[in-house]
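Here is the structure we will look at, set down as structure tokens.
Values quoted throughout were computed directly from the atomic coordinates according to the rules given, and no laboratory measurement underlies them. Only a predicted model underlies this, so the values are computations on that prediction, with no experimental measurement involved. Note: ideal-geometry Cβ built from the backbone for every residue, glycine included; neighbour counts use all protein chains shown.
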Amino acid sequence: MARALRVIALLVATAVIAVGCTPIPPISPDEQAIRTTIERYNEILTQGYRSMNMNPMREVATQLQSEDEYIHMSSLAEGGIRLDSELKDLKFVKVSVESTTAEVETRETWDYRQYSRATGKAVLEQKGLVYDLAYDLQRQSDNRWLVSDVRAINVTSTVEPTILGTITPVLPEGH
């Protein structure tokens, strides 16, 4: 009986190992290009908020999407804020590719720090914001993929924001 139980345990262990070692299908060149575009989009977005310059966004996003990011950055700046963000984790949940369009869902974890533009001091810190995002991408005539839209599906805060200071308004020049 003990021998039979050992044989069964060995068979179960072998089956578990075999299932766990099932090869992951390779990613298509289009899917890899799309993943790379989204990764680069997030890098440029982070740099754009930090430097308050979204012009490089045109490398990875359509004109309309680049303008949307510029408007958001400008709105923060007008409110006296400069945003510093850090992407902590990026998981691709779903990638669907058609001939000239793609839809991607990601789960992204971000840390943010807001700084007063007037004083340069940190005024708010938010860690562990988890975004489920939907990206739309369009293939360009030169075969590059550009982000054409980004939508939040869900946002979860794992840690409450920490208020570090107060925002000092930045007055327009001439005042």
Exercise for the section: Please report 142, 136 as a ranked list, fewest other C-beta atoms within 10 angstrom at the top and most at the bottom. Expected result: 142, 136
Practice task
Please name which of 42, 77, 96 has its Cα lying farthest along the dipole of the stretch 27-163 towards the positive end, using unit charges on Cβ (Lys, Arg +1; Asp, Glu -1) and the Cα centre as origin.
Solution key: 77
Handout entry: Within-10-Å neighbourhood charge of residue 82 [Cβ basis; K, R +1; D, E -1]
Key = +2
Exercise for the section: Could you check the simple spin-label distance between residue 100 and residue 88, using points 7 Å along Cα→Cβ, in nm with one decimal? Expected result: 4.1
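Once you sort the root eigenvalues of the Cα gyration tensor of the stretch 27-163 as a ≥ b ≥ c, which label holds: rounded (a/c under 1.5), prolate (a/b larger than b/c) or oblate (the other case)? Mind showing how you got there, number by number?
Working: a/c = 2.64, a/b = 1.58, b/c = 1.68.
Oblate, because a/c is 1.5 or more while a/b does not exceed b/c.
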Problem - Footprinting exposure proxy for 151, 107 (fewest neighbouring C-beta atoms within 10 Å first) - result: 151, 107
